[in-house]
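Participant: Next up is a structure, given as structure tokens.
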There are 2 protein chains.
Amino acid sequence: MSRERLYLYDTTLRDGAQTTGVDFSLEDKRTIANLLDKVGVDYVEGGYPGANPLDTKFFAEKPIANAKFAAFGMTKRAGRSASNDPGIAALLDAKADAICFVAKASEYHVHVALETTTEENLAGIRESVEAARERGREVLLDCEHFFDGYKANRDYALACVKTAYESGARWVVLCDTNGGTMPHEVAAIVTDVGKIVPGSHLGIHAHDDCGCAVANSLAAIEAGARHIQGTLNGLGERCGNANLVTLIGALKLKDQYSERFDLGVSDEALSQLTHMSRQVDEVLNRQPNRHAPFVGASAFATKAGIHASAVLKDPRTYEHVEPEAVGNVRKVLVSDQGGQSNVLFELKRLGFALEKGDARISRVLEEVKRKEAEGFAFEGADASFYVLVKRMLGEVPAFFQVERFSVNVERRYNAIGELVMASEAIVKVRVGDEVLISAAEGNGPVNALDVALRKDLGKYQDLIQDLELTDYKVRIYQGGSDAVTRVLIEFTDGDGESWTTIGVSPNIIDASFQALTDSIVYKLLRSGAEL
Amino acid sequence: MSRERLYLYDTTLRDGAQTTGVDFSLEDKRTIANLLDKVGVDYVEGGYPGANPLDTKFFAEKPIANAKFAAFGMTKRAGRSASNDPGIAALLDAKADAICFVAKASEYHVHVALETTTEENLAGIRESVEAARERGREVLLDCEHFFDGYKANRDYALACVKTAYESGARWVVLCDTNGGTMPHEVAAIVTDVGKIVPGSHLGIHAHDDCGCAVANSLAAIEAGARHIQGTLNGLGERCGNANLVTLIGALKLKDQYSERFDLGVSDEALSQLTHMSRQVDEVLNRQPNRHAPFVGASAFATKAGIHASAVLKDPRTYEHVEPEAVGNVRKVLVSDQGGQSNVLFELKRLGFALEKGDARISRVLEEVKRKEAEGFAFEGADASFYVLVKRMLGEVPAFFQVERFSVNVERRYNAIGELVMASEAIVKVRVGDEVLISAAEGNGPVNALDVALRKDLGKYQDLIQDLELTDYKVRIYQGGSDAVTRVLIEFTDGDGESWTTIGVSPNIIDASFQALTDSIVYKLLRSGAEL
């Protein structure tokens, strides 16, 4: 059976930036664009060049190799020509493969929000699409408020769609901007639009205000649309956009879709879906949603005893797809079977020569469970997991012992009345027979502690000289009744290797200190340092 | 037009108890049952009497006045009669109005999980339903794995449905137990089942493993089913059950449903939906989902400036329903993405009497932009925004001035060789002519600083006595070349009001201190404190 191609358009970096609390830096944008490119989406919408300096800068060069890089912006303003509109100029100057214009497709919005005429709005669509086509860009047109507009004035909404298509837009995208349209309505309306524009040129852009963004996207596909817009982890304004991660899981793994449709996402990329979803949360310092379809930590977790025993007989009894397909893992809370193989997998990956059945594997698993109950999370802290296992195997020499540290932060007015902040740390460490005491100042307590700790480690000093603290993350974790602080620290050495360690404590300084010492021990172990 | 009745069946206390990390006490169960009763659901499933002592106890008396109280349990075991099965006896002994039996409706599961015959399974359904009917109970039958069973062996799945209906079950409930069925399949299969059992006796029980639980429930209704099972806030195993809160919002507020269907939920109860949803999270000590449809804190929050100005003209431009209908509130986020309209809206909401065009509005916007460039983010820190504006308007008295603070954290071995951590803070503050110095210990530096700062504020002490630090969040923000720490602190006072403040600094202690002092100033301003 010949399969049709479905096209994925990611708008995490534009519509996803509207999420409450999300604030991308330029570096965040680059990281996420590259993640998306690896996943295999067809379009990465980078932002709105011209609307703010960050987005303009992001469009100064194309940051990705494979996907089309798309710039978003409004159609030309009423009362001026496209060639004389600074917004259009900024879009045409952007280093983008495609331009996605947004235009109202609702008579009500044309009058109330734009305060212009329906004819002027159609002219804006036509002239903007043509201007971008003349400059050799692929053009998309987001029909904002399309579904609400259609229900209020079908003819006008369809006129917008028709104008965009006839002016040469590659994709005409039907937007449920307010997220209030229900799946059966989407199905009926997209079917109707299909009489004017072929489905191979129709896209869907859904919002989750009724918890139906994924279903609305699927309904549009069933009705003929072949282009889907969404965001990673369903980021977006209000309740978020259609979750592309969920859609990729369903479209790749459900027979009724995979038999009919091809995606740009390979099976190998699919197996990184869980990892990729969590990396996005990591970049944004958000708590991953445990219950997210396909990729949540609980998505394949079985709690009921009766279900667990069936899952052990045959996982298909309570799993709609195999967790491995999306890089997730099965969790059966009454048994460590699933857990042991994960641990074994991780141990092998880190170079430990343990075989299945080795009693030390279940000891490691027990220790990991104990530590995770305290608030540790080793998934993002490989190096701490490595140090933990080495320690359990008795393979960590007592390189150094910290006998004492103290950190002091002070804020006061100095003699001439200026407000000054000072942070200093003292670390006393024993290396073999040597006792070394170092003091340092820093721009904050963790920086001061890091500098003091690594100022003089005696004979190991050469090995840690070139370390650099490259990332520091903090999260408050509700462990039982009390909150604990979870600190993740990333170090990079002179060879460009980087690793992450974790520390957990009610005291943020103590948690940071644990992560700092783990990092040094890790580096010494990897360097083959000896006592 | 005459409307049909839809029946809501809540299983928060049974299927919702399978959520990772959820563990109901008897008191929790009573609280939630009463909440559900007030909302107006038709059935409250309390648990599985006989399966554990807690549930048996919960069924010793009926805890609710209006809804039907339902007990859940398996059909009789193979090889014994219903009258001789202790599981059935426990269900019949429970003080329940209705009994919901669960039985496999999939040939594969009958063989693999139950290890019995298809005939024996049908006999179990028939005899269990009859036994409960004889004792005067209303009976429901959950057809477990119905959709997967139907796709593998339609005849057997339908035989289970038919047997249950003909034995006298009031409702035959079609369960998508593994959550892998897609909306168009649910529509087709429920339509087919409708040829055997009238829709007025058919129910749907959906799981969210493909992000489609709400849509699947709605698809079943479109196909004729009139009974919907779900949980509050979508609690449940793996990715959760169909979210009844979302379903209530959609069914009550969307014309295409409300014109056709009646629910037991009144408009007044609907206006408590947000409150009720958050109370459930409160009981379970979970963080409410900001992005939840209808009831999330961000469900009606607008960030983009261009959207905000439209919302201010007419909220319907970007809202699919009125937030007031579900007891939620509109929010226009103040951020550098937003424009003057956002700021004006927020200023009005916070009680400032500024009008459009006032030059001070653009000064506030400039200041917000300047602070956000430094790493501030006011959209999650209302109280700091309030203090900022009051300060710009010259309306913040110099209540107190912190002349100096110092914080010390030490880790060392004590005299008997134990590792000890100590955190202490000293704060020197001037209140009018008084100079006050306070010291305190804490479980970490921020806690010590908070306790010391609020130990003695002289004449203001009474006003801040009942404050409690209820949340603390940290994020590292890459502001330009250097990383800064962004701290958000939430306080609650004795009246139950809570507010959030923000601090930004390269130094985490300093950032925390800014947020702490903002919180105190906010409280003093709101209390009308004077110099």
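Rule-based calculations on the coordinates, nothing more; no lab input. Note that this is a predicted model, so its numbers are computed, not measured. Every residue, glycine among them, receives a Cβ derived from its backbone with ideal geometry; neighbour counts consider all protein chains shown.
Participant: Which three semi-axes in whole Å describe the equivalent ellipsoid of segment B:301-372, each the square root of 5 times a Cα gyration tensor eigenvalue, listed largest first?
Facilitator: 22, 13, 11
Participant: Determine, for B:GLU468, B:GLU107, the number of other Cβ atoms within 10 Å of each Cβ, and report the residues in order from fewest to most.
Facilitator: Sorted ascending by nearby Cβ count, the order is B:GLU468, B:GLU107.
Participant: To one decimal place, what Kirkwood hydrodynamic radius in Å is obtained for segment A:142-283 from all pairs of distinct Cα atoms?
Facilitator: Result for segment A:142-283 stands at 15.5 Å.
Participant: Per-residue mean of other chain beta-carbon atoms within 10 angstrom of the beta-carbon, peptide B:291-303?
Facilitator: 6
Participant: Setting aside same-chain residues fewer than 8 positions from A:LYS195, which aspartates and glutamates have a Cα under 15 Å from its Cα?
Facilitator: Correct list for A:LYS195: A:ASP155, A:GLU166, A:GLU222.
Participant: Fewest to most neighbouring Cβ within 10 Å: what's the order for B:VAL172, B:VAL190, B:VAL112?
Facilitator: Listed from fewest to most nearby Cβ atoms, that is B:VAL112, B:VAL190, B:VAL172.
Participant: So which GluC sites (Glu not before Pro) in segment A:213-274 end up in coil per DSSP with only 14 or fewer other C-beta atoms within 10 Å?
Facilitator: Here the sparse-neighbourhood loop sites are A:GLU259.
Participant: Treat every Asp and Glu Cβ in segment A:380-483 as -1 and every Lys and Arg Cβ as +1, leave all other atoms uncharged, and give the resulting dipole magnitude about the Cα centre to the nearest 20 debye.
Facilitator: Result for segment A:380-483 is approximately 280 debye, rounded to the nearest 20.
Participant: Normalized C-alpha radius of gyration of segment B:15-172, against 2.2 N^0.38 Å?
Facilitator: For segment B:15-172, the normalised Cα radius of gyration is 1.05.
Participant: Segment B:125-185 to segment A:194-209: how many Å between their Cα centroids?
Facilitator: Each part's Cα centre sits 37 Å from the other's.
Participant: Considering only segment B:4-284, what is the antiparallel percent among its DSSP beta bridges, to the nearest 5?
Facilitator: Among the beta bridges of segment B:4-284, antiparallel pairing accounts for roughly 5 percent.
Participant: Oh, and also: How big is the antiparallel share of DSSP beta bridges in the protein assembly as shown, given as a percent to the nearest 5?
Facilitator: 55 percent
Participant: A follow-up question, please. Peptide A:431-441: average number of partner chain Cβ atoms within 10 Å per residue?
Facilitator: Average per residue, whole number: 0.
Participant: Tell me the angle of helix A:118-134 to the major Cα principal axis of chain A, expressed in degrees between 0 and 90 and rounded to the nearest ten.
Facilitator: For helix A:118-134, the angle is close to 60 degrees.
Participant: Which distances in nm, rounded to one decimal and ordered from shortest, link the label point of B:LEU436 to the equivalent label points in the other identical copies, with labels set 7 Å from Cα toward Cβ?
Facilitator: 4.6
Participant: My understanding is that a pair violates if its Cα-Cα distance is over 23 Å; which of A:LYS369/A:LYS455; A:LYS371/A:LYS455; A:LYS252/B:LYS151; A:LYS57/A:LYS252 do that in this structure?
Facilitator: Over 23 Å Cα-Cα: A:LYS369/A:LYS455; A:LYS371/A:LYS455; A:LYS57/A:LYS252.
Participant: Can you compute the helix-only [θ] at 222 nm over chain B? Use -39500 (n - 2.57) per DSSP H run of at least 4 residues, normalise by all residues, nearest 500 deg cm²/dmol.
Facilitator: Per the formula, -11000 deg cm²/dmol.
Participant: If you take the Cα Rg of segment B:4-284 and divide it by 2.2 N^0.38 Å, with N the number of residues, what do you get?
Facilitator: 0.93
Participant: What's the magnitude of the charge dipole for segment B:4-284 around its Cα centre, counting Lys and Arg as +1 and Asp and Glu as -1 at the beta-carbon? Answer in Debye, nearest 20.
Facilitator: Roughly 440 debye for segment B:4-284.
Participant: Mind listing P(r) for the protein assembly as shown? All alpha-carbon pairs, 20 Å bins, whole percents.
Facilitator: Bins of 20 Å from zero give 12, 39, 37, 12, 0 percent of pairs.
Participant: When ranked by the protection proxy of mean other Cβ atoms within 10 Å per residue, highest first, what sequence do the peptides B:239-246, B:197-204, B:132-139 form?
Facilitator: Put in order of decreasing packing, that is B:239-246, B:197-204, B:132-139.
Participant: Now a separate question. Taking chain A as the reference, fit the longest principal axis to its C-alpha atoms, fit the long axis of helix A:26-39 to the helix C-alpha atoms, and give the angle between the two in degrees, 0 to 90, nearest 10.
Facilitator: 80 degrees
Participant: Moving to a separate point now. In which sequence would B:VAL44, A:VAL173 go, from the one with the fewest C-beta neighbours within 10 Å to the one with the most?
Facilitator: A:VAL173, B:VAL44
Participant: Inter-copy label distances at A:GLY79, 7 Å along the Cα→beta-carbon direction, one decimal in nm, shortest first?
Facilitator: The answer, with the shortest distance listed first, is 8.6 nm.
Participant: What's the ranking of B:23-36, A:447-460, B:346-359, A:90-103 by average number of surrounding C-beta atoms within 10 Å, highest first?
Facilitator: Put in order of decreasing packing, that is A:90-103, A:447-460, B:23-36, B:346-359.
Participant: Give the average, rounded to an integer, of partner chain Cβ atoms located within 10 angstrom of each Cβ in A:404-415.
Facilitator: So the per-residue partner count for this stretch is 6.
Participant: Pull up the DSSP beta bridges for chain A and report the antiparallel fraction as a percent, rounded to 5.
Facilitator: 50 percent
Participant: Taking a quarter of the surface of the convex hull around the Cα atoms of segment B:4-53, what do you get in nm²?
Facilitator: About 4.1 nm², averaged over all directions.
Participant: Suppose the Debye formula is applied to equal point scatterers at every Cα of segment B:38-87; what is log10 I(q)/I(0) at q = 0.14, 0.27 Å⁻¹?
Facilitator: Calculated log10 I(q)/I(0) at the listed q: -0.44, -1.01.
Participant: Hey, any idea what Rg/Rh is for chain A, computing Rh the Kirkwood way over Cα pairs?
Facilitator: 1.05
Participant: Kindly provide the pair-distance distribution of segment B:342-450 built from C-alpha pairs, with 5 Å bins from 0 and whole-percent values in order of increasing distance.
Facilitator: Whole-percent P(r) values from 0 Å outward: 2, 10, 14, 13, 12, 13, 12, 10, 6, 4, 2, 2, 1, 0.
Participant: Expressed as an acute angle from 0 to 90° and rounded to the nearest 10, what is the orientation of the C-alpha long axis of helix A:508-526 relative to the principal long axis of chain A?
Facilitator: 80 degrees
Participant: Let me ask something additional. Would you mind listing the distances between the A:ARG30 label point and the same position in each other copy? Use 7 Å along Cα-to-C-beta, nm, one decimal, shortest first.
Facilitator: Listed shortest first, these distances are 6.0 nm.
Participant: Hey, what's the Kirkwood Rh for segment B:401-526 if you take every pair of different alpha carbons, in angstrom?
Facilitator: 15.6 Å
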